[in-house]
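S.K.: Before we start, here is the structure in question, set down as structure tokens.
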Amino acid sequence: MVEGDDGNFYCTAYTEEGFTEVQFLFRAYLMPATYLFGILANLINVIVFSHKKMRNQLVNWFFLALSLSDICVLFSSFFVFSLPVYAEASGDPALLRLSAFLIVYSYPIAQTSLTMSVYLTIVVSAHRYLGVCHPFLIRRISNRSVVRGVIAFAVIFAIAFNIPRWLELEYMPCRNNETMSETLVVMPTAVMIGPLYTLIYRNAAYTIIMFFLPFAVLIVLNVRIVNTLRMSHRLRRQMTVQQGSSKSRLSGVKPTEGSIIDKERKGLQMKGAVVLPERRDHGVTIMLVAMTCEFLLFNLLAFTNNILELIGAIGTTPLETLLVEVSSLLVNINGASTIVIYMIFGSKYRTIFLKYLAGSGFSRFVSQNAGAPSLFSMGPNETTQLLVTSTTNDRSRGRRSVPALTAQRSASIVAAEQRKFSMREEVTPAAGRGCLRRSTVSRLGSVPSTATRTYRLDSVPEQPGSPMIAHQISTTSSSSSVIQFQRV
């Protein structure tokens, strides 16, 4: 671009300065698909983490803020990377002007949101580190006000650090000497190309703040977390073996059977919830470790490219251009794929997500088109408990009755539940000695001694090959539980 005698800028190299084929492939096809998926996925994350049950756990506040920052990163990156490609391919002067205008303002927003995502990942890792390695300290200092303050600090730091980004780009009018049409082009400002600014801010400060410090902190914290979890697992296993050995000496039960009995009794005390509280916390911690590993993996190439750029070892060759485009795509994938980790490792996340999905009517649509019963059409407790009425007083013992199956439930759901019921473990003492059988005591909750409960699926429609079933739970002593199935 050169300045003419009349003071206007002419785009003399307009056709030669376009995007390469590699850049067009990544920015016109691969990145937009990532942006679309990531924005929809993070909107789902925001909806799920905004649920009342998710907000009760403070660590989910960090995940909610992280999802919002990832949406900003993906949304603004579209205007920085993909929209200019479409504008150039169309050749529309109006679209070119709009693209140049949006780049100038989207670029600092994208950098600010990326910094915010990086440091929210750091603070949530620090939160889980304290929760795993210093549980008593985190209980004293962690509350909603502290979490909100930490999130606000990360946001303010990201905004403050990226204030100079607003001074790096500008747009100016340009007239193409081929088409003689006037448009806007994006140019670096005098601040951006200044040698001192480039050395101190763009090279040294950016590399330390965005790469060296986050990588070092995340690696140290997560190594400590993993080591603590391994030590806790080993200690818990040793304590289980010791408890089983002591019980076997007193009652004659084998050590392995004693450990299973102990687990079953703990499960019964939790009203049917076999997962203990510390295991749920460990699930959140493992989910965070997986997120950190994903962050380190997908940002490693960008870190390498930044180092090569600092030492002047990267230029504009086709291979180097490919590395830059791949690194940009991986950074966007990192912000778009967190929902996959939440779905794999977050049991509570999956439960609330399926609840929203069931209420949206999507599961009903799938069920009608597939000709099979929908998993999501079940109530929240009906996948594990087929209970309707009870002869014991549940209210006096602080337990709630489980809702009955409606008439719209198909018989194949009953068959599926029967298969589930036949695959659970139960302990049934025989002749004063311990023996193991298969049943569902751990999923049905605690049953008082000398009590009999009968639960009837009286609202399931009769179909050939699927007779109505009544489940009877009988206990004859404080340590015996039997499941019986009979036709009605």
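The values are calculated or read from the model by the stated rules, or taken from the named source; none is laboratory data. None of the values given here were measured: they were computed from a predicted structure. Glycine also receives a Cβ, built like all others from the backbone with ideal geometry; neighbour counts cover every protein chain displayed. Side chains included, ligands, DNA and RNA excluded: accessible areas come from the protein's heavy atoms. Shrake-Rupley method; radii C 1.70, N 1.55, O 1.52, S 1.80 Å.
S.K.: On a 1.4 Å probe surface of the protein chains, which of Ile193, Ile138 comes out largest in accessible area, and what is the full order? Before the final figure, lay out the partial values.
M.R.: Values: Ile193 115, Ile138 25 Å².
Largest accessible area first, the list is Ile193, Ile138.
S.K.: Could you provide, to the nearest whole Å², the per residue accessible area of the range 73-154 with probe 1.4 Å? Could you put the intermediate results ahead of the total?
M.R.: Values: 3610 Å² over 82 residues.
Counting only protein heavy atoms, the per-residue value for the range 73-154 is 44 Å².
S.K.: Rounded to the nearest 0.05, what FRET efficiency do Leu297 and Val241 have when you use their Cβ-Cβ distance and R0 = 35 Å? Can you show the working numbers first?
M.R.: On the way: r = 37 Å, r/R0 = 1.05.
Efficiency at R0 = 35 Å is approximately 0.45.
S.K.: Can you tell me how much longer the chain between Lys52 and Ser181 gets when fully stretched, taken as 0.36 nm per residue apart minus their C-alpha distance, in nm with one decimal?
M.R.: Gain on stretching Lys52 to Ser181: 40.9 nm.
S.K.: For a quick protection proxy, order the peptides 81-88, 305-312 by their average other-Cβ count within 10 Å, most packed first. Please list the in-between numbers first.
M.R.: On the way: 81-88: 20.1, 305-312: 13.9.
Sorting 81-88, 305-312 by mean packing, highest first, produces 81-88, 305-312.
S.K.: If you don't mind, there's one more thing I want to ask. Between Tyr356 and Thr207, 0.36 nm times their residue separation minus their Cα-Cα distance comes to what?
M.R.: Once the chain is fully extended between Tyr356 and Thr207, it gains 49.5 nm.
S.K.: Something else about it: Would you grab the residues whose amide H sits under 5 Å from the one on Leu169? Only those 5+ places off in sequence or on another chain, please, with H modelled 1.01 Å from N.
M.R.: Thr189
S.K.: In nanometres, what is the gap between the two model label sites at Val191 and Leu98, each 7 Å from Cα along Cα-to-Cβ?
M.R.: 2.8
S.K.: Enumerate the amide H contacts of Cys174 below 5 Å, restricted to partners 5 or more residues apart or on another chain; note that Pro and chain-start residues carry no placed amide H.
M.R.: Here the answer is Thr183, Leu184, Val185, since their amide H atoms fall under 5 Å of that of Cys174.
S.K.: At 1.4 Å probe size, with no ligands or nucleic acids counted, give the accessible surface of Lys348 in Å², nearest ten.
M.R.: 90
S.K.: Which residues among the range 109-132 fall inside the zone where the amide N is under 20 Å from a point 7 Å beyond the Cα of Glu309, along Cα→Cβ?
M.R.: Under cut-off, by backbone N: 109-119.
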